[in-house]
1. Is it the case that Tyr101 is hydroxyl-bearing (Ser, Thr, Tyr) and touching a helix residue (DSSP H, G or I) at 6+ places or on another chain (Cβ under 7 Å)?
2. With the condition kept exactly as written, say whether any residue in segment 60-72 is without any contact (Cβ under 8 Å) to a residue 60 or more places away in the chain, open to solvent by less than 50 Å² (accessible area, probe 1.4 Å), among the aromatic types (Phe, Trp, Tyr) and in contact with a strand residue (DSSP E or B) (Cβ under 6 Å, 6 or more places away or on another chain).
3. Which number in (1) touching a strand residue (DSSP E or B) at 6+ places or on another chain (Cβ under 8 Å); (2) open to solvent by less than 60 Å² (accessible area, probe 1.4 Å) marks the one condition that Glu9 misses?
4. List, please: which pairs have Cβ atoms under 6 Å, are six or more places apart or on different chains, and start with a residue in segment 43-57 that is within 16 Å of Pro71 (Cβ to Cβ) and end with one that is part of a strand (DSSP E or B)?
5. As an exercise: evaluate Lys77 against (1) open to solvent by less than 60 Å² (accessible area, probe 1.4 Å); (2) in a loop (DSSP other than H, G, I, E, B) and give the number of the one condition it does not meet.
6. Does segment 12-19 include one or more residues that are surrounded by 13 or more Cβ atoms within 10 Å (Cβ to Cβ), touching a Lys or Arg at 6+ places or on another chain (Cβ under 8 Å) and within 21 Å of Ile125 (Cα to Cα)?
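The values are calculated or read from the model by the stated rules, or taken from the named source; none is laboratory data. This is a predicted model, so every value here is computed, not measured. All Cβ positions, even for glycine, are placed from backbone atoms using ideal geometry, and neighbour counts span all protein chains on display. Ligands, DNA and RNA are excluded from the accessible area calculation, which covers all protein heavy atoms including side chains. Shrake-Rupley method; radii C 1.70, N 1.55, O 1.52, S 1.80 Å.
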Amino acid sequence: MGYSVAPLERLVDQFERLPGIGRKTAQRLAYYVLSQPADYAAGFANALKEAKEKVHNCSVCYNFTDSDVCPICSDVKRDRSTICVVESPKDVAAFERTREYNGLYHVLHGLISPIDGVGPDQLYIKELLHRLSGDGVKEVIMATNPTTEGEATAMYIGRLLKPLGVKVTRLAYGIPVGGNLEFADEVTLYRALQGRSEL
């Protein structure tokens, strides 16, 4: 029987439950935390506890926030005629890093995936429709990932929005910057051709 220290094993098990973390990485993280001063571990634990207690969904766009309405929705300088629909709060963070988009967001918190038992009612789709009941929104950008689930979700929402007279657009995608054409698959090349723009 191997040597083990129960509290250390429990810490390793918790790290291993995180997405993308295997057993060896979990062990490295656990050993790192234990090698730090006590106030480091206390700060780490407090940050986890505080985030879990204070961070929740914005009452407007469902992005993560620690107030009722997130800073993006409450910013009067944002373009309120455009809503970018994304799968998760981390997608909002990715768009914000570009500093190119100045509209609002709507976070679905998932994608339609019958295989995983996720239907439209489990996403924040009704809330998106409610936001469009006024006449301020002119365009909805579907910015879900170019996966089967992302495409299905974008098409489903697009069909719901068409009767509302709102322009529905899809993110262009295709060959990444620095990519090589010979390694691109047929669907990626097709999408790149479809989304081409004038120089």
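1. On the way: hydroxyl-bearing (Ser, Thr, Tyr): yes; touching a helix residue (DSSP H, G or I) at 6+ places or on another chain (Cβ under 7 Å): yes.
So Tyr101 passes the test.
2. No, because not a single residue in segment 60-72 is without any contact (Cβ under 8 Å) to a residue 60 or more places away in the chain, open to solvent by less than 50 Å² (accessible area, probe 1.4 Å), among the aromatic types (Phe, Trp, Tyr) and in contact with a strand residue (DSSP E or B) (Cβ under 6 Å, 6 or more places away or on another chain).
3. Against the list (1) touching a strand residue (DSSP E or B) at 6+ places or on another chain (Cβ under 8 Å); (2) open to solvent by less than 60 Å² (accessible area, probe 1.4 Å), Glu9 comes up short only on (1).
4. Val55/Phe64
5. Checking Lys77 against (1) open to solvent by less than 60 Å² (accessible area, probe 1.4 Å); (2) in a loop (DSSP other than H, G, I, E, B), the one that fails is (1).
6. No, every residue in segment 12-19 fails to be surrounded by 13 or more Cβ atoms within 10 Å (Cβ to Cβ), touching a Lys or Arg at 6+ places or on another chain (Cβ under 8 Å) and within 21 Å of Ile125 (Cα to Cα).
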